[in-house]
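Data first, discussion second: the structure below is written as structure tokens.
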Amino acid sequence: MKIAFVSSEVYPFIKTGGLADVAYSLPKALRKLGHEVIVVLPYYKQIPEGLVKDAYWVSNVEIQAKTFWNYCLELEGVKYYLIEEALFSQRDSLYTNEDSDYQFAMFSEVTLQLLKSIQFQADIIHANDWHTGLIPFFLEQRHCHDPFYQQTKTIYTIHNLRFQGQFSSEAVRGLGYQFDDIGINYMQLGIQYAHKITTVSETYANEILTDFYGENLNHILKIRAQDLTGIVNGIDTELFNPTTDQALVSPYNVHTVQLKGENKLALQHRFGMEENTQIPLIGIVTRLDSQKGLDLIMCVLEEILYHNQVQFFLLGSGAEKYETFFQDIRNRYPHKFGVYIGYDAKLANLVYGASDMFLMPSLYEPCGLSQLIALRYGAVPIVRETGGLNDTVQSYNEETKEGNGFSFTNYNAHDMMYTIYRALNYYYNHQDEWQQLIQTGMNGDYSWDKSAKQYVKLYESI
Ligand code: ADP
């Protein structure tokens, strides 16, 4: 099959969240299964020049007196098409520009014209999140009458339902499309017009049909429930590999997992915490956003630190109230609590490599990649049972000895605290079972192989 994967962000070019990782790994996995895959993205100013120095010009697309220059670059068998115009290459921000509506309406329109200009007659156009929600709508309203697009079907994947692209419909009408309302919701149109809709875990696919998780689109989603499926994300197991990871002081594998202690010592030393491999270390790597359950952590963190022989390390950036809170805790518990405010991919890997446990008590979590990385690095996840966390972490069952982590159901700080205590109890008093948990986590398959096959099945079905 010929697949055009369209995404606003793609690792390693540009990344603000998990979408970029998926846009890198899934096309690569599809290609491994024998399909022809291209990836289309905007040529942002923020893309490091060194990464695109080999890109060559392929075509121009003219729309409304604007010329879009299209470049191509091949990496590991996948062709990346970058769309260049001042709309993208002269902006300081990715998503908070005054004319975001126009930027992404144009991105969608140019993408459809680009495919034609390079004669890539896609069987499937796979659009992602609100930025490309207009593609299925544009295709249906205008381009489906074009013989070039006769066979083309669309898939729309929701990576996070909260961000929908709600604007005035001016930009879309300005491109000559018919739209009666003054307001428009790009994600809603993706949901309404795509041939199939997916989201990034089965649990989230069910959750978004409810009022609590549905972000006011649950009624629209319900209409399309027959066409909605959940396919869990994988991680790039070459990029995230504790055996070869350069960010680790001491790489390790499932047989040498005691070497994690060396990474723990390095982290403790670097951030002025008590240097002791025996103290359990709980890692947190996250955007500092209310989605991630940080309010639960704020509620009980001090109580946990005060009463227990335990350490935490938090790496994150985002909302100021969280940044201030965690820096303040560090000042008061410097030996037990380490923090780094900022985005640092290398440090993130050291945290996964150093931690005994990984805390992720999200309010909602479409899929979550961090818990998968934690599992692979032998950091036992402690999560709330929501979205992809529910599908990838099985709470330890003392009867059957099955499970790869610990979890709790309600969005409640004390439920989280007692789940942390449950994990600490295994760490301190049941080392055999603790080691078993680590092994189960590290031996799990978090690669894209299985999920990519599920996408192929879905593509084939339409
Ligand atoms: P989301 O996409 O909602 O942010 P995911 O768990 O799907 O959450 O993906 C987050 C990814 O970003 C993980 O790979 C995580 O390690 C990484 N990450 C999050 N915050 C930071 C940070 N401050 N520094 C480095 N990496 C981070």
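Read the figures in this text as sums done on the coordinates, not as results from a lab. Given the structure is predicted, the values throughout are model-derived calculations rather than measurements. Cβ sites come from the backbone with ideal geometry, for glycine too, and all protein chains shown count toward neighbours.
Brief remarks on what is shown
- Sorted by Cβ density within 10 Å, fewest first, the residues Lys45, Lys457: Lys457, Lys45
- FRET E, pair Ser168, Arg224, Förster distance 30 Å, beta-carbon r, rounded to 0.05: 0.75
- Too-long pairs where the Cα-Cα distance tops 22 Å, listed order kept, from Lys15/Lys53; Lys260/Lys346; Lys401/Lys453: Lys401/Lys453
- Backbone HN-Hα couplings from phi across region 275-284 [Karplus 6.51/-1.76/1.60, Hz, Gly and Pro as x]: 8, 7, 6, 6, 6, x, 10, 9, x, 9
- Between region 274-331 and region 50-72, the Cα center-to-center distance that results, in Å: 45
- Peptide packing for 91-98, 269-276, 107-114 was compared via the average number of neighbouring C-beta atoms within 10 Å per residue; ordered from the highest value, the list is 107-114, 269-276, 91-98.
- Less than 5 angstrom separates the built amide H of Leu288 from those of Ser317, Gly318, Ala319, all sequence-distant by 5 or more or on a different chain.
- Karplus-derived HN-Hα couplings along region 17-23 (A = 6.51, B = -1.76, C = 1.60, θ = phi - 60°), whole Hz, x at Gly and Pro: x, x, 3, 4, 5, 5, 5
- Selected from Ala194, Gly272, His126, residue furthest toward positive end of dipole (the chain; charges at beta carbon): His126
- Region 350-431: trypsin sites (Lys or Arg not before Pro) falling in loop per DSSP and having at most 13 other Cβ within 10 Å: Lys401
- Estimated FRET transfer efficiency (Cys144, Gln435; beta-carbon r; R0 56 Å; 0.05): 0.45
- Sorted peptide list for 2-8, 307-313, criterion being average Cβ within 10 angstrom, highest first: 2-8, 307-313
- Spin-label model, Thr210 to Glu303: label points 7 Å out along the Cα-to-beta-carbon direction sit 2.4 nm apart.
- Theoretical gain in end-to-end length, Lys116 to Gln246 [0.36 nm per residue, Cα-Cα removed]: 42.6 nm
- Karplus-derived 3J(HN,Hα) values for region 220-234, using 6.51 cos²θ - 1.76 cosθ + 1.60 with θ = phi - 60°, are 5, 5, 4, 4, 9, 4, 5, 9, 9, 10, x, 10, 6, 6, x Hz; glycine and proline are entered as x.
- Added length on full extension, which subtracts the Cα-Cα distance from 0.36 nm per residue, Glu238 to Asn410: 58.4 nm
- Paramagnetic reach from Gln454 in region 207-240 [backbone N under 18 Å; point 7 Å along Cα→Cβ]: 207-209, 225-237
- Long-range HN-HN contacts of Val40 with modeled amide H, under 5 Å: Phe5, Val6, Ser7, Tyr81
- Dipole magnitude for region 167-268: about 140 debye, using +1 per Lys or Arg Cβ and -1 per Asp or Glu Cβ, origin at the Cα centre.
- Compared with the alpha-carbon gap, the fully stretched path from Lys32 to Ala65 is longer by 7.9 nm at 0.36 nm per residue.
- Between region 385-462 and region 202-242, the C-alpha centres lie 18 angstrom from each other.
- With the convex hull drawn around the C-alpha atoms of the chain, the volume per residue stands at 147 Å³.
- Three-way shape call for region 361-457 based on the alpha-carbon gyration tensor, with the a/c threshold at 1.5: oblate
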